[in-house]
Amino acid sequence: MSYQLSELAEKTGARLEGGDCQIRSIAEISSARAGDIAFVSNPKYIEHLSTTKASALIIKPEFLTQCPVPALVTDDPRLVYAKVANLLYPARSLVPGVSDKAIVSEQASISESVSIAACAVVSAGATIGAGTQIGAGCVIEADVIIGKNTRINANVTVGHGCKIGDDCIIHSGVVLGADGFGFVKEGESYLKIPQIGNVQIGHNVEIGANTTIDRGALENTIIGNGVKLDNQIQIAHGVSIGDNTVISAACAIAGSTHIGKGCLIGGLVGIVEHLEITDNVMITGRTMVTRSITQSGSYSSSTPMDTTENWRKNSARFRRLDELAKRVAKLEKNK
Amino acid sequence: MSYQLSELAEKTGARLEGGDCQIRSIAEISSARAGDIAFVSNPKYIEHLSTTKASALIIKPEFLTQCPVPALVTDDPRLVYAKVANLLYPARSLVPGVSDKAIVSEQASISESVSIAACAVVSAGATIGAGTQIGAGCVIEADVIIGKNTRINANVTVGHGCKIGDDCIIHSGVVLGADGFGFVKEGESYLKIPQIGNVQIGHNVEIGANTTIDRGALENTIIGNGVKLDNQIQIAHGVSIGDNTVISAACAIAGSTHIGKGCLIGGLVGIVEHLEITDNVMITGRTMVTRSITQSGSYSSSTPMDTTENWRKNSARFRRLDELAKRVAKLEKNK
Amino acid sequence: MSYQLSELAEKTGARLEGGDCQIRSIAEISSARAGDIAFVSNPKYIEHLSTTKASALIIKPEFLTQCPVPALVTDDPRLVYAKVANLLYPARSLVPGVSDKAIVSEQASISESVSIAACAVVSAGATIGAGTQIGAGCVIEADVIIGKNTRINANVTVGHGCKIGDDCIIHSGVVLGADGFGFVKEGESYLKIPQIGNVQIGHNVEIGANTTIDRGALENTIIGNGVKLDNQIQIAHGVSIGDNTVISAACAIAGSTHIGKGCLIGGLVGIVEHLEITDNVMITGRTMVTRSITQSGSYSSSTPMDTTENWRKNSARFRRLDELAKRVAKLEKNK
């Protein structure tokens, strides 16, 4: 793909300054070469402006006077960069059409423009919408419904009866609709509680590699529209996640917890079961959430890194923190 | 599936009260409709008793007077609910028989009633017991032994020589028998230590999606009978887990640690290598276990969530906690 | 495989003491039998020396007088053990040749001595080096380059354009080259930033089961030579890891962080984005790294485990630690 800079300006809504040129690719400002466009939003990269070899830059209005090459001028260079990148690098098609090495049930309902790769298995009762792609090695179980223009990358498993919307991207190794973790004690051992809910994924959702979303025990597990999930996230049965919430890698969200819209959850966060997290909550990395959050805002837990030597001393004191507090109270009393 | 309430009473050992009716499904008490049965064990749901549309309820004796519909009466409503759910929702069969798209070695030993789905690979020397199901895309390596009535869902990998008992459920994406993580330094780089043990899984074990259990370095990694493992758990080489221990999602257990019977381990727990955890230990979510536990009881670590603003102040103090304790000691001395 | 002890001495560089014998296998010193060799490096196992049934031992010079059987004498018994194990237990070949059930593109470049198992998919433009093995169910996407004598176990996914060196081992369930997690806000929702970098893996790298390594946004994600990654590690876009760094299970490393050479990172460690970790850094298990580390040494965070009862009291005090510190300061002032 290649565009004139003027076309990119028009398609992204940025203002063209300094003449037209051909743009073939995107690069970092420091390593860009002829034919590249680069973006600068962080002032610390401004020193590179004068020496860049890029053919054009995406910049804020205030840097225009220092810009030695043609530019797309915008208040949000990162957004224009993303739009330009989507134009220059359209998503690769997995494969055209249905591979003769795919195993597609005759009882599945497959739209005409679908592509299904080798060794993918599509079971009876499944419905695959127009323009949707199913990668190699995927297993789409019975009665799954997948919308339009969704991309399921290689080696994904979608359990029976689950539903995925339009324009989603599901990365490799994802497992949707495994049984929730539900047991009841019977004597010394545990009896399984059948997990009869499904997983329902909205539109425009992205789910990272090896993330798992379990089916509900009774009610469905629900992922709202526009939700973005990073890799290796665990979402338990009966969880719901509101529209446009973004969750970073390696989080674990326990059963029946409901997360609002527009939340930003850092990596390695744990959220225990049966909580309510309201809209527009930010949770920093590694926080352990053990109670509901009813007010928008930013929340944290964990302790700061130190040298192991210092940490050992402080950490040992933590085990007597209650005692220390009582000693301080006593000192105050006796003062 | 559908049952008379009287049949459900008989099969679950609960007491029938208030007349018979047809039960077709299970629902939450608040959303149940005609034909549904619901259960109430938490007193906070008692307000729904009078208005429920369920055809029958599973309740404790003390709520019977408030129950407007026929009931299964029991001291353990959750257990009766689980039993009813197992009757109404028997596990789906993956597929009948061995798919002609499965790749089954002629040197594998396959019982007659086995089902093996498309694109599953069963290698030479593998033994698959009666009634066991192997999902699509599974890879069962050489000399694996799988017992009776076990269900291996889609896209599971079982490494050579591993053994799985009867009545197990292994969810999608699980990897059993990858090499343990063992190296020895040789100059600047590391030499791999061959991992020559196996993984041995008992009977009635459930293993959640994308969980990994490594083969032992010299001795086997052992999972006892009735163990329940949630999703995305990592179990290192040479670990053993006692019967009926339950481990929630996203835990990591390091090499050669031995965990007793009947333990309950919360999500995101880490346990370092070469520890002994006795029977009937409870470990709360996100705890980091760095020493052996020789007494039954409940154990914890981690710090509480707060607003990021407050957390920053407290967290900064943690780095000087040892100093603070010394200052308090000095004050006490000078008092 | 079986060797004379004298051959093992010669091949490992250890000194033979006490006569020759046939060695067929390796075992723990306490469970070893005739034909086994065992190693002792930890003094606490010395009590087993006199009663071992092993045919030979690998020991340090200082234990030779107590050794009742022939021995390989060395200053580094673990290293000699690893070398002996590699001789006695050479890695199993996955399968010979290219299975007629593998799906290999005619536009792929496959060396003659390659082995590719059933249901593996190798796409157009891929290059597979001599002696490399591709397990069942693997998906090797377009334009992937894999070096010589590398082993890709079952059910691995390698995204388009990624590169893997020689002599690597990639365990089952690994996903290399899924999209990095990059979005930019556009109104209430998020626009995907195309991830146009690749993943580049050096030589002699081992990657554990279900680990994920994302492709770079603009620049590549780079794993150096000799790096060893355990299971279920998440490595985000644009990360680089220096040669011979070892990372234990369940770590998560956020985008554009650069880790030096020869580091040792414990399990469950989190490292936030855009940090620099210098060479030869050790980070203990569960540490949350939130700032760059410019000096070699050992670093930690987290808090110690306690009984839940004690922990609750101390943990509650943590939420008022800043206040406590201020109260101490006041006492000091008023003294």
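Every number here is computed from the coordinates shown, using simple stated rules; none is lab data. No experiment lies behind these values; they were computed from the predicted model shown. Every residue, glycine among them, receives a Cβ derived from its backbone with ideal geometry; neighbour counts consider all protein chains shown.
Once you average over the residues of C:328-334, how many Cβ atoms of partner chains fall within 10 Å of each Cβ?
5
Gain in length, residue B:75 to residue B:50, computed as 0.36 nm per residue apart minus the alpha-carbon separation, to one decimal in nm?
Stretched out fully, the residue B:75 to residue B:50 stretch lengthens by 7.0 nm.
Given charges of +1 on the Cβ of Lys and Arg and -1 on the Cβ of Asp and Glu, with all other atoms neutral, how large is the dipole of segment B:103-299 about its Cα centre, in debye to the nearest 20?
Details: 10 positive and 17 negative charges, 71 e Å.
So the magnitude is around 340 debye.
Quick one: which residues, 5 or more positions from residue C:298 or on another chain, have an amide H under 5 Å from its amide H? H modelled 1.01 Å from N in the peptide plane, none for Pro or chain starts.
A:308, C:282
Give the shape of segment A:214-260 as rounded, prolate or oblate, defined through the alpha-carbon gyration tensor: a ≥ b ≥ c are the square roots of its eigenvalues, a/c under 1.5 means rounded, and otherwise the shape is prolate if a/b is larger than b/c and oblate if not. Before the final figure, lay out each step's value.
Values: a/c = 2.10, a/b = 1.29, b/c = 1.63.
Verdict is oblate for segment A:214-260.
Normalised radius of gyration for segment A:20-177, please: alpha carbon Rg relative to 2.2 N^0.38 Å, two decimal places.
Numbers: Rg = 21.5 Å, N = 158, 2.2 N^0.38 = 15.1 Å.
Taking the Cα Rg and dividing by 2.2 N^0.38 Å, one obtains 1.43.
Over 26 Å, how big is the tail of the calculated P(r) for chain C, in percent of all Cα pairs?
Counting pairs separated by more than 26 Å, the tail of P(r) holds 63 percent.
Which entries in the list A:83/C:163; B:11/B:148; A:148/A:192; A:192/B:60 go over 32 Å, if you measure between the two C-alpha atoms of each?
Long pairs (Cα-Cα over 32 Å): A:148/A:192.
Top mean-square fluctuation among A:234, A:195, A:66, Gaussian network model of chain A, C-alpha springs under 10 Å?
Result: A:66 has the largest fluctuation of those listed.
What order do you get for B:119, C:67 when you list them from fewest to most C-beta neighbours inside 10 Å?
Neighbour counts put them in this order, fewest first: C:67, B:119.
Taking θ = phi - 60°, what integer Hz values does the Karplus form 6.51 cos²θ - 1.76 cosθ + 1.60 yield along segment A:188-193, in sequence order, with x for Gly and Pro?
Whole-Hz 3J(HN,Hα) from phi for segment A:188-193: 7, 10, 10, 9, 5, 9.
Show log10 I(q)/I(0) for segment C:86-178 at q = 0.16, 0.24 Å⁻¹, two decimals, from a solvent-free Debye sum over equal Cα scatterers.
-0.53, -1.26
Taking only the C-alpha atoms, wrap a convex hull around segment B:103-299 and report its volume per residue in Å³ as a whole number.
Taking only Cα atoms, segment B:103-299 has a hull volume of 101 Å³ per residue.
State, to one decimal in nm and shortest first, how far the label point of residue A:90 sits from each corresponding label point in the other identical copies (label point: 7 angstrom along Cα-to-Cβ).
Computed spacing set for this position: 5.1, 5.1 nm.
Mind giving me the nanometre distance, one decimal, between the label points for residue C:112 and residue A:33, set 7 Å out from Cα along Cα→Cβ?
In this crude label model, residue C:112 to residue A:33 measures out at 3.6 nm.
Across 5 Å bins from the origin, how do the percents of Cα pairs in segment C:271-335 run, short distances first?
Reading upward from the zero bin: 4, 14, 14, 13, 12, 15, 15, 9, 3, 0.
Give me, ordered by chain and number, the residues 5 or more places off residue A:289 or on other chains with an amide H under 5 Å from its own placed amide H.
So residue A:289 has HN proximity to A:270, A:271, A:272.
Sort shortest first the distances from residue A:28 to its counterpart in every other copy, using label points 7 Å along the Cα-to-beta-carbon line, and give them in nm.
Distances between equivalent label points, in nm: 4.8, 4.8.
Take the alpha carbon atoms of segment C:270-303, find their center, do the same for segment C:80-116, and report the distance between the two centers in whole angstrom.
That distance is 37 Å.
Can you list, shortest first in nanometers, how far residue A:185 lies from the same residue in the other copies, with each label 7 Å from Cα toward Cβ?
Relative to the other copies, residue A:185 has label-point distances of 4.6, 4.6 nm.
Tabulate in residue order the Karplus-calculated ³J(HN,Hα) for segment C:61-71, using 6.51 cos²θ - 1.76 cosθ + 1.60 with θ = phi - 60°, rounded to whole Hz; enter x for Gly and Pro.
x, 5, 9, 4, 5, 8, 8, x, 10, x, 9
Hey, if you put +1 on the Cβ of every Lys and Arg and -1 on every Asp and Glu Cβ in the protein assembly as shown, which of A:307, B:54, C:111 ends up farthest toward the positive end of that dipole?
Value: A:307.
Suppose every Lys and Arg Cβ carries +1 and every Asp and Glu Cβ carries -1, with no other charges. What dipole size does chain A come out with about its Cα centre, to the nearest 20 debye?
The dipole of chain A has a size of about 1500 debye.
So what is the 222 nm mean residue ellipticity for chain A from helices alone, if each DSSP H run of at least 4 adds -39500 (n - 2.57) and you divide by all residues, rounding to the nearest 500 deg cm²/dmol? Don't skip to the answer; put the middle values down first.
Details: 4 runs with 45 residues, N = 335.
Roughly -4000 deg cm²/dmol at 222 nm, from the helical runs in chain A.
³J(HN,Hα) across segment C:49-56 via Karplus (A = 6.51, B = -1.76, C = 1.60, θ = phi - 60°), whole Hz, x for Gly/Pro?
3, 5, 9, 5, 9, 4, 6, 7
Find me the longest stretch of chain A that has none of the exposed GluC sites (Glu not before Pro), where exposed means in a DSSP loop (not H, G, I, E or B) with at most 14 other Cβ atoms within 10 Å. Can you show the working numbers first?
On the way: sites that count: A:106, A:112, A:188.
The reported range is A:189-335.
Which of the three applies to segment C:3-88, rounded, prolate or oblate, going by the alpha-carbon gyration tensor with a ≥ b ≥ c and a/c under 1.5 meaning rounded?
It is rounded, given that a/c, with a ≥ b ≥ c, falls under 1.5.
For a quick check: with amide H placed at 1.01 Å from N, whose amide H comes under 5 Å from residue B:148's, ignoring anything fewer than 5 positions away on the same chain?
Those lying under 5 Å, H to H, from residue B:148 are B:166, B:167.
Can you give the FRET efficiency for residue A:307 and residue A:11, using 1/(1 + (r/R0)^6), R0 = 41 Å, r = Cβ-Cβ distance, to the nearest 0.05?
0.20
Averaged over B:263-270, how many beta carbons belonging to a partner chain fall within 10 Å of each residue's beta carbon?
That works out to 5 on average.
How many angstrom lie between the C-alpha centres of segment C:119-141 and segment A:226-259?
Centre-to-centre distance over Cα atoms comes out at 33 Å.
Per-residue Cβ counts within 10 Å, from other chains only, averaged over B:176-189: what number is that?
For peptide B:176-189, the averaged partner shielding equals 6.
DSSP loop trypsin sites (Lys or Arg not before Pro) in segment A:17-48 with at most 14 other Cβ atoms within 10 Å of their Cβ, which ones?
In loop regions of segment A:17-48 (DSSP not H, G, I, E or B), the sparsely surrounded trypsin sites (Lys or Arg not before Pro) are A:24, A:33.
Quick one: putting +1 on the C-beta of Lys and Arg, -1 on the C-beta of Asp and Glu, what dipole do you get for the protein assembly as shown around its Cα centre, in Debye to the nearest 20?
3960 debye
Which of rounded, prolate or oblate describes the protein assembly as shown when judged by the alpha-carbon gyration tensor and an a/c cut-off of 1.5?
Because its axes are fairly even, with a/c under 1.5, the protein assembly as shown counts as rounded.
Taking segment A:105-177, which trypsin sites (Lys or Arg not before Pro) meet the DSSP loop condition and have no more than 12 other C-beta atoms within 10 Å?
none
If you take the charge dipole of segment B:154-216 about its Cα centre, with +1 on Lys and Arg Cβ and -1 on Asp and Glu Cβ, which of B:193, B:207, B:178 is farthest toward its positive end?
Towards the positive end, the residue furthest out is B:193.
How charged is the neighbourhood of residue B:197? Take every other residue with its Cβ under 13 Å from the Cβ of residue B:197, and add Lys/Arg as +1 and Asp/Glu as -1. Intermediate results must be reported in sequence, preceding the final value.
Values: positive: B:163, B:215; negative: B:179, B:214, B:219, C:28.
In short, -2.
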